[in-house]
Amino acid sequence: MKYYIVAGEASGDLHGASLMHSIKKHDKNADFRFFGGNLMQKEGGTLVKHFKSMAFMGVFIVIANIRTIKKNMNFCKNDILNFQPDMLILIDFPGFNLRIAEFAHNNNLKVYYYISPKIWAWNKKRAKKIKLYIDKLFVIFPFEIDFYKNLDYKVEYFGNPTVDVVENELKNKITFNEFIKKHELNNKPIIALLPGSRKQEIKKLLPVMLPLIDKYKDYQFVIGGVSSLDKELYQSVYKDMDIKIIFDQTYKLLQHSTAAIVTSGTATLETALFDVPQVVCYKAGAVSYFIAINFVVNIEFFSLVNIIMKKEIIKELLQKKLPERIDNELNKILNNNEYRSKMLENYQKLKNTLGKSGSPERTAKFIVFSL
């Protein structure tokens, strides 16, 4: 069968690749065409547009790139019609994908949505579009089942695919000495800096993380970079500072980290699943922040870990005085054993809530045999 997949971010590329891998087990003739990234490309098929040319964040950034966004959308619509897939699979990225879903539905194409839009966090009005245009919605958090049930919409929950990714990584774990030798690090304990996967995040978040370096001389700080962004972007921020950057090895980095400073997003959940105590932070432009807080966001927490657990088990720091506040939290994580142990204990509860591995396999089987 023919599958057209649209993933517009690094996390979508990761989970899209895992889903494609599982689909091929049940459909030996699977033909993929997709918007995605390097990981999806390794699974075969045709990559028509890389996500790095699509991920725009923030009110003014989106406005400044509106022509590019419209161009990408029109190209995607035409490409879908030319390909005539048996199924369109959309992965997260709601601002773009819900418009594609409407277009595909109006053209009598079957539309499945893998990793549902986080409308429970903002813009519940999108629920109407989901019910109208999505034939089947796959959610990845247990609480989403009841959320959509209250909207009179039945969804499918087969577990969280991040659990599988982490489990697979841990099966191939290398030793700390092997890791530091490979990446030319010293033998000090590692503090991972995960500033995000978007250009705007690197520019805003990495500068508030770097001041910590001089305060923790007994540790080495390592940036988890993504190769979809130019190396010069990172270098323009950290310049001549004594810090290492490792590209596309975030999971290996987390396996050997004592603590992490993480930009809010999927990385907070990944860090928790690797049992790395963390402090999560976020910083947006003043106007974007004002709009989000006052008109858009309607949830108590902004990190996935706390949202899933419905309480604060990791500290969330937003907008102001971030270097000082990160310093205070990092100090507790590193030097307060009781505080650190409690966070790790809550991580185990988080894992129990998410359930067992096998999510991509169960989802793929459902997809293939539902046609």
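Observations, loosely collected:
- Single residue of I223, I243 found to be crowded, with 21+ Cβ neighbours inside 10 Å and over 15 Å from the mean Cα position of the chain (by Cα): I223
- Residue ID - farthest from V368 (Cα to Cα), chosen from residues in segment 108-141 that are β-branched (V, I, T) and at pLDDT 90 or above: I130
- Residue in segment 282-291 that is modelled with pLDDT of 85 or more and of a type in the set (V, I, T) present: no
- Of all residues in segment 96-111, none satisfies being in contact with a Ser or Thr (Cβ under 8 Å, 6 or more places away or on another chain) and surrounded by 14 or more Cβ atoms within 10 Å (Cβ to Cβ).
- I333 within 18 Å of V276 (Cβ to Cβ) and of a type in the set (A, V, I, L, M): yes
- Of all residue pairs spaced 6 or more apart or on separate chains, those with beta-carbon atoms under 8 Å, a first member in segment 157-184 that is of a type in the set (S, T, N, Q) and a second member that is exposed (fewer than 12 other Cβ atoms within 10 Å of the Cβ) are N177/N187.
- Screening the candidates D146, D164 for the property of being surrounded by fewer than 14 Cβ atoms within 10 Å (Cβ to Cβ) and acidic (D, E) yields one hit, D146.
- One residue stands out among those in segment 81-95 that are over 22 Å from the mean Cα position of the chain (by Cα) and not charged (D, E, K, R): the one that is surrounded by the fewest Cβ atoms within 10 Å (Cβ to Cβ), which is N82.
- Criterion (assigned to a loop (DSSP other than H, G, I, E, B) and of a type outside the set (V, I, T)) met by exactly one of D242, D214: D242
- Scan of segment 112-134 for residues that are surrounded by 18 or more Cβ atoms within 10 Å (Cβ to Cβ) and of a type in the set (A, V, I, L, M, F, W, C), ordered by number: I115, I119, W120, A127, I130, I134
- When segment 167-195 is filtered for residues that are surrounded by fewer than 18 Cβ atoms within 10 Å (Cβ to Cβ) and part of a helix (DSSP H, G or I), the ones remaining, listed by number, are E167, N168, E169, L170, K171, F176, N177, E178, K181, K182.
The values are calculated or read from the model by the stated rules, or taken from the named source; none is laboratory data. Remember, predicted model here, so these are calculated numbers, not experimental data. We place every Cβ from the backbone using ideal geometry, glycine too, and count neighbours over all the protein chains shown.
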